[in-house]
Amino acid sequence: LSRKGFFRDRDVTITTHHGEKRLASMSAALIDIGGEKHILTVLNDITERKAVEQSLRESEEKYRLLFSSVSDAIVIFYINTLEIIDANSSAVGMYGYTIDRLRIMRITDLSESPDDFHVEGIRHVTGSDKNVQSQYHRRNNGVVFPVEVSGGIFTLNRREIGIAMIRDITRRKQLEEELVRTQKFEAIGILAGGIAHDFNNLLTAISGNVALGKMIANPEDELYENLLEIEKAATLAKDLSFQLLHFGRLSKPVIDTVPLEDILRYTAEKLFHPDNVAIAIDISEGLWPAKIDAGQIQRVIGYLLTNAVEAMPDGGEVRVVAENFTIDAGNETPVRPGRYILISIRDSGIGIPPENLTRVFDPYFTTKTTYAEKGMGLGLSLSYSIVKRHHGHIRIDSTVSAGTTAVLYLPAGD
């Protein structure tokens, strides 16, 4: 004041004659009255204004915290240009872009099908009835995943602003598919068990008569060769009948804590395979024991190894890897969080076409064409059922001409 002769809008605290504390904005200036210096002071009570400002700051902070912490992705964008204005941390994590990158993108860039975000479609999703739309979006790494989109429209500074709330439903879709597959297996299993029992009785009669015919026929005759073919076919049919019966009456696993290394090495050692196929086993140090039915899991390993060997008619290597793996609550694998043994069985064979990959666990689905190999397409179906009864998970990853990997998650013991 002494240097400039005035100051303006200084916040001060004053005490009224009632003893109440108030906030005031004070301005003051030096004035000359009759040759004498005086200070002119103006006080403006700003207590209420400051209270409103503080309330607004708290409200903004509260909604900013809500915006940042909600688990669904939230993307704010201009309706007319579809340019993204802002996005929350969940959107950053879901799509794999930085926030700066998102702010120079259009919301259509997030969708696998840009038509999902045409203006009329947005108005449909953000309308008063709050429709939820199912779409497929693409992450920064190229992975396409299912989402549900809802939202709203509001006006700010005479511009229409859209807000899209996006929920990743990958896990839900997986669980729905698992439930449908399980229900289908149960229905087919009941049917298969009944058919297999009667079929096995017929095969017993055929096999008995073939044995009698072989006793009578001359081994040098063509009839004897025909009987051998019938016997061979009956033997294959019995094996298929056993698979049907087992599929229909799959027993509840008898769980015990078992070292998996012994099962893997024993199954690989006993498996018949051509000389041009090698089986390599890599067991991680300190591998946890597994809570499994050893007999049932040995059968699963046998099915998977057999498929791997048969996928390499020109030879190659089957690599079996077993390691410890912990699944947390955020993992998309459809099993309970906890400790698991992760087993991967990888071949370098012909691979599985994408149109067949989604059907590999379907009962009776097979791509084998020769009479001796064709089977009933139950090996992977049985494997799926057994692993699910162990509260584990099985999946098949494959690339045509590059090979196939079967991945097993089995619960670890204490």
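The values are calculated or read from the model by the stated rules, or taken from the named source; none is laboratory data. No experiment lies behind these values; they were computed from the predicted model shown. For neighbour counting, all protein chains shown are included, and Cβ atoms are generated from backbone atoms with ideal geometry for every residue, glycine included.
Summary of values
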| item | result |
| --- | --- |
| Verdict on Glu220 being outside any helix (DSSP H, G or I), modelled with pLDDT under 90 and not assigned by TED's automatic domain parsing to the domain that holds Arg346 | yes |
| Region 1-18 - residue that is closer than 18 Å to Ala29 by Cβ and within 60 Å of the chain's Cα centre (by Cα) and, of those, modelled with the lowest pLDDT | Asp9 |
| Unique match (being at pLDDT below 95, under 17 Å from Asp282 (Cα atoms) and outside any loop (DSSP other than H, G, I, E, B)) among Glu323, Glu317, Glu355 | Glu317 |
| Among the candidates Ile341, Ile345, residue that is surrounded by 17 or more Cβ atoms within 10 Å (Cβ to Cβ), among the aliphatic types (A, V, I, L, M) and farther than 29 Å from Asp168 by Cβ | Ile345 |
| Test: Gly193 is at negative phi and modelled with pLDDT of 80 or more | no |
| Residues of region 338-355 satisfying the condition of being touching a Ser or Thr at 6+ places or on another chain (Cβ under 8 Å) and either more than 27 Å from Asn276 (Cα to Cα) or outside the structural domain of Ile394 (by TED's automatic domain parsing) (or both) | Gly338, Arg339, Tyr340 |
| Residue ranges of strands (runs of 3 or more DSSP E) in region 119-171 with at least 2 members at pLDDT below 90 and either among the aromatic types (Phe, Trp, Tyr) or over 21 Å from the mean Cα position of the chain (by Cα) (or both) | 144-156, 159-168 |
| Failed condition for Thr369, given (1) assigned to a loop (DSSP other than H, G, I, E, B); (2) of a type in the set (Val, Ile, Thr); (3) modelled with pLDDT of 85 or more | (3) |
| Pairs where the first residue, in region 333-350, is more than 19 Å from Gly286 (Cα to Cα) and the second is assigned to a loop (DSSP other than H, G, I, E, B) and small (Gly, Ala, Ser), C-beta under 8 Å, 6+ apart | Val335/Gly392; Pro337/Ala329; Asp347/Ala311; Ser348/Ala402; Gly349/Ala311; Ile350/Ala311; Ile350/Ser401 |
| Selection status of Val12, of a type in the set (Val, Ile, Thr), surrounded by fewer than 15 Cβ atoms within 10 Å (Cβ to Cβ) and assigned to a helix (DSSP H, G or I) | no |
| Number of positions in region 295-325 that are of a type in the set (Ser, Thr, Tyr) and in contact with a Pro (Cβ under 8 Å, 6 or more places away or on another chain) | 0 |
| Flag if Pro259 is over 19 Å from Thr404 (Cβ atoms), surrounded by fewer than 17 Cβ atoms within 10 Å (Cβ to Cβ) and in contact with a strand residue (DSSP E or B) (Cβ under 6 Å, 6 or more places away or on another chain) | no |
| Test: residue in region 47-68 that is of a type in the set (Gly, Ala, Ser) and either closer than 25 Å to Val143 by Cβ or touching a helix residue (DSSP H, G or I) at 6+ places or on another chain (Cβ under 7 Å) (or both) | yes |
| Candidates Ile79, Ile84, Ile46 - the one that is β-branched (Val, Ile, Thr) and within 30 Å of Ala24 (Cβ to Cβ) | Ile46 |
